1. Can you spot a residue in region B:345-352 that is over 30 Å from residue B:238 (Cβ atoms), within 9 Å of another protein chain (Cβ to nearest Cβ) and either out of contact with any strand residue (DSSP E or B) (no Cβ under 6 Å at 6 or more places or on another chain) or not in a loop (DSSP other than H, G, I, E, B) (or both)?
2. Over 22 Å from residue B:208 (Cβ atoms), without any contact (Cβ under 8 Å) to a residue 12 or more places away in the chain and surrounded by fewer than 22 Cβ atoms within 10 Å (Cβ to Cβ): does that describe residue B:75?
3. Is it the case that residue B:114 is more than 20 Å from the chain's Cα centre (by Cα) and surrounded by fewer than 21 Cβ atoms within 10 Å (Cβ to Cβ)?
4. For region A:72-150, please list each of the helices (runs of 4 or more DSSP H) lying entirely inside it that holds at least 2 residues being facing chain B (nearest Cβ under 8 Å), touching a residue at least 40 places away in the same chain (Cβ under 8 Å) and closer than 21 Å to residue A:41 by Cα.
5. Which one of the conditions (1) away from chain B (no Cβ under 14 Å); (2) surrounded by fewer than 20 Cβ atoms within 10 Å (Cβ to Cβ); (3) touching a residue at least 60 places away in the same chain (Cβ under 8 Å) does residue A:329 fail to meet, given that it meets all the rest?
6. Which condition number in (1) within 23 Å of the chain's Cα centre (by Cα); (2) part of a loop (DSSP other than H, G, I, E, B); (3) surrounded by 21 or more Cβ atoms within 10 Å (Cβ to Cβ) is the one that residue B:58 fails?
7. Just to verify a result, which residue in region A:151-162, among those that are more than 8 Å from chain B (Cβ to nearest Cβ) and without any contact (Cβ under 8 Å) to a residue 60 or more places away in the chain, is farthest from residue B:302 (Cα to Cα)?
């Protein structure tokens, strides 16, 4: 027989987020270095204020296209040669753009770091954006958009954004652009976007791994000599809701065996002062396996493989979303349970056990999140993008620990808005719409995909 | 203390092994860079061990292992680990099932105790109600990951196409709805007592712990669990090196773009020839400098995406798979022809030394990247111990890859890439709406 006695925790061992050095180079580039002596590896992550929110109206998709285009050739090397050079060094190379920034990232063995960083500097400082490759990248994005039409998860996310935000908000349109906007982009647009946004004052280089601050500084000074001066452009951003009354949108997918559900409303910007209580509240509501929504939908009812809720934290107010996929015939009862859980967390304090589960998890899991050089670099990028205080990661666990059941209730009543909930369902309208006419769900609108 | 061994070429992670009298094989690997520890348990049972009419059972069973045991309530395993600040999950594959936790290092005892309680005393906690709920959850997992997802049937269609009927790898891993419905509590009990025994498992612990303390805890919690009564042998697994004919299946499905999966029988994971096959796969389809990406995506622009990978099966035969998605204006016939042409070219002319170097450099970096996480280290230790009784193989992988030459890759290519060893699984959009959409998009892309 296995011993029936549950073991007690041992004494806690201290953990610090890796110490990092933060400086502005003479060129105006910000350099953040986190030396981590564990394995002979390093990640270099360059972030630039050149995300989707920086795009001019009508040019949606230009931020991603520009970031992808960086890897397609420089004045010295064409795209195929570039890929070959990085890969002969065993270096992984990736670029992209999200709402708030564009990035280029390499991870490499540390004995190849100088050479790989020099190439990275070339990629980002002297791209030529060849017409043929830009047209190819556009066609690849159009193929991806076409794939979404048969991919219920991606389609549900995209339609949710569209129905959630007012049409003036950049957030209402796909971050990588639509068929219409991408088709209209040109090589000149890419060049223009690059020249107006990729500047030293908008750029941070993050180096994490087996490297000293001195070595990182020398490398980055050498690699970014040709970087144009200039400050970041701070775009005006609207993140208002399309409507303040409940609606249910069914996006018709004939014969779908499941309904892909998104329920939510406009959330909060990342720098909101209630960030910590809101995060703990969400952990209890739908952020953990043991959260109310997952246990209810999955373990009590068996409606789904999984259900969760999250805040998409951006500089502007990103969405608050409950996300799940349920068997078609239980769509209406599943939606009812989600709405009940949102009401319930607003109506009474969570229990002490629920609070301690969420707090202990978020506090305890902290060191597990930063095992890799890429994860440490990503954490530092979040700190830079949202201009969080220098001691943000050192005080994170204390801030979590200070959240009380009262603060969670306060966050739920202040920041969850049941009357404004928008529901998007990608599923078989013929099968499910009859069960969704109850006015409690809101006005029902059926769309043919 | 870090894991540096000076030169990268001599990098080794430390490994200790021991075995309990009941047969449980244990591997330990210390690293004190962060106060976290990973516990990882491999049971040497997967969908290959299922009897006919019970497909999907190994995976359904994995769900049941989170439904409580003698001293742990339903879902309490999840709660206790998350409350401790840990992460956890389990997964099922053709040849094995694994369970894993990464926790703050002061919670090692909890993770070990939970694993021991369910290895030793799962059955007292099993009820029909729990089985019914998890059956529904798994059916929804099937709908979510397989039936309602474009190309989601790839794994089961591929297994069916490339393995002969009655071969243990031939049937679906997640299982059919009918078989899931038929699974009973008796099946649960029988499967548990046959396969979830200490002598059919490997336990690995990696990260921040004291070896003496870990040995004491493992011994206290796992020693009382009795050895199993042995498991039925798998039917013969071995297969000829090639299919012996061309295999082809076309699936008309709710997808937007044609996508071709091309499979080859390939040397089993861990064998000497496996490393040459793995390098061949990287030359063909790892990253943007690979042949397929360069040729089909960049130069000829007929594909939206191209990659290649191996299944890493350790018994019978492995599979090397090429995966190419067409651009909207590329028809499925053209897609097949262009991919065939690339394979013919490889078969005819072989690979070059720089291609081999590129592949090995990328694989080496990926190996080191994977060793950063305690959970990955523990998982690989369990894997090498389960398949080969040699956890120290984790430290030999970079050397094994570095020994691969163009000559060895070319020998492998001549043996495995001929016309007699190609299987095509081709997805094409269902007639009607999708193809019209594809044409419209192709037109607007001009």
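1. No, region B:345-352 contains no residue that is over 30 Å from residue B:238 (Cβ atoms), within 9 Å of another protein chain (Cβ to nearest Cβ) and either out of contact with any strand residue (DSSP E or B) (no Cβ under 6 Å at 6 or more places or on another chain) or not in a loop (DSSP other than H, G, I, E, B) (or both).
2. So residue B:75 fits the description; yes.
3. no
4. none
5. (1)
6. Single failed check for residue B:58: (2).
7. Out of the qualifying residues, it is A:162.
Every residue, every condition in (1) in the same structural domain as residue B:430 (by TED's automatic domain parsing); (2) in contact (Cβ under 8 Å) with a residue 40 or more places away in the chain; (3) touching a strand residue (DSSP E or B) at 6+ places or on another chain (Cβ under 9 Å), yes or no:
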{"position": "B:150", "(1), (2), (3)": "no, yes, yes"}
{"position": "B:177", "(1), (2), (3)": "no, no, no"}
{"position": "B:189", "(1), (2), (3)": "no, yes, no"}
{"position": "B:208", "(1), (2), (3)": "no, yes, yes"}
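The values are calculated or read from the model by the stated rules, or taken from the named source; none is laboratory data. Source: prediction; values computed, not measured. Neighbour counts are summed over all protein chains in view; Cβ atoms, including those assigned to glycine, are modelled from backbone coordinates with ideal geometry.
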